[in-house]
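Where a number appears in this text, it was derived from the coordinates with a stated rule and is not lab data. In this text the structure is predicted, and so the values were computed from the model without any measurement. Because the Cβ atoms are built from the backbone with ideal geometry, glycine has one as well, and the counts that use them run over all protein chains shown.
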Amino acid sequence: MTNDDNDARAMTRDLTIATLRAEPGTKTSGSVTADLGTLTTDVPLTLINGAHPGPRLVITGGMHGGEFTGVDAAARLAAALEPGEVHGQIVICPVANPPAAYGGRLGVSPVDGVNINRVFPGDPDGGPTERLAAWLFATLLDGADAYADLHAGAIDLTLDDFVGYRLTGDAALDAQAEAMARSVGYRDVIVGLTADGGNSHAAAARQGIAAILIETGTAGDRTPATVRRLLDGLYRLLRHIGCLDPAGPYGDDEPSGPAPAPRPVRDWVWVGLAASEATGLWYPEAATGDEVTEGQVIGRIIDPAGGPEHKVTATATGRIFYGMNGFTVAPGAELAAIAAPHD
Ligand SMILES: [Zn+2]
């Protein structure tokens, strides 16, 4: 026995989340019930309690309906990881918002019309989605060192892969989040200049947790190649934060195959969001990935009843990272999100 073994034993500890428990060196899966006031929902979880000491990482997918890559990658990762090889504790929740994910209502929950990723850290006395956000925050994120929330271009959204993180003003925490974001290996990293708002990763960052958002795949894509891209990124992240040994056994045995080297990163910052001002049919004239100039017409909304046509213009100069793939839009629908290079 070496001193390292002694240290490891001293530092590993039981992992308990709601009604699930995993001793060091074991893995447990099941569902736990969240009380949302007027209803309950069963949230699937896998706890991987590593045999070796290390950080606690939380991964969530399925915050929104119609976003499939994160759900699939999280479920595959939960099945593949062996606790004997894991350093620290990994909590994986593939479907964090079951009412929205199974109800197929895209950004908002069919229960109350609320977008959960606008109301974190939630409200335990609020409506059902606010209560679910509060439950997820208290149950999963309390005690976490690092957090990755997996999103995608939903069925109604075109999207270019990117990783996002927020600046909190805590230099050490911000550096940790930036390094995590870069470790995923996607070409584009978008930095949010504040940690304001109700996004899960922003609320987690405000709590002192190194948190990132990973967006993968376009328009409801769930093909194996797209899910593999995300899994490769997750394995790179796990190695970066120390949950997996860089020279560990997952190389050729990873369900996604050996993770390729990360690509050079380009840094971006959000500069504009064009939203619909009318109800009608959306005919885009610029695609996700296009560079656009402020004021440029990027599409039209046509009234099938013969009313006036609405031109939609770019609200800033930059590149479209996600856009509306849906055809029938209502006021407030997000049509194009634009980011510009960040120095
Ligand atoms: Zn989403």
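For this structure, a couple of remarks:
- Distance between modelled label sites at residue 302 and residue 343, nm, 7 Å Cα→Cβ extension: 4.4 nm
- The order of the peptides 163-174, 201-212 by mean Cβ neighbours within 10 Å, most packed first, is 201-212, 163-174.
- Total formal charge among the other residues, if their Cβ is under 15 angstrom from that of residue 300, Lys/Arg +1 and Asp/Glu -1: -3
- Rounded tilt (10° steps) of 69-80 against the dominant C-alpha axis of the chain: 10 degrees
- Fewest-first ranking of 60, 16, using other Cβ atoms within 10 Å as the exposure measure: 16, 60
- Computed label-point distance, nm, for sites residue 79 and residue 313 using a 7 Å Cα→Cβ extension: 5.1 nm
- Over segment 64-108, the hull volume per residue, using the convex hull of the C-alpha atoms, is 68 Å³.
- Taken over segment 115-166, the ratio of Cα radius of gyration to 2.2 N^0.38 Å equals 1.33.
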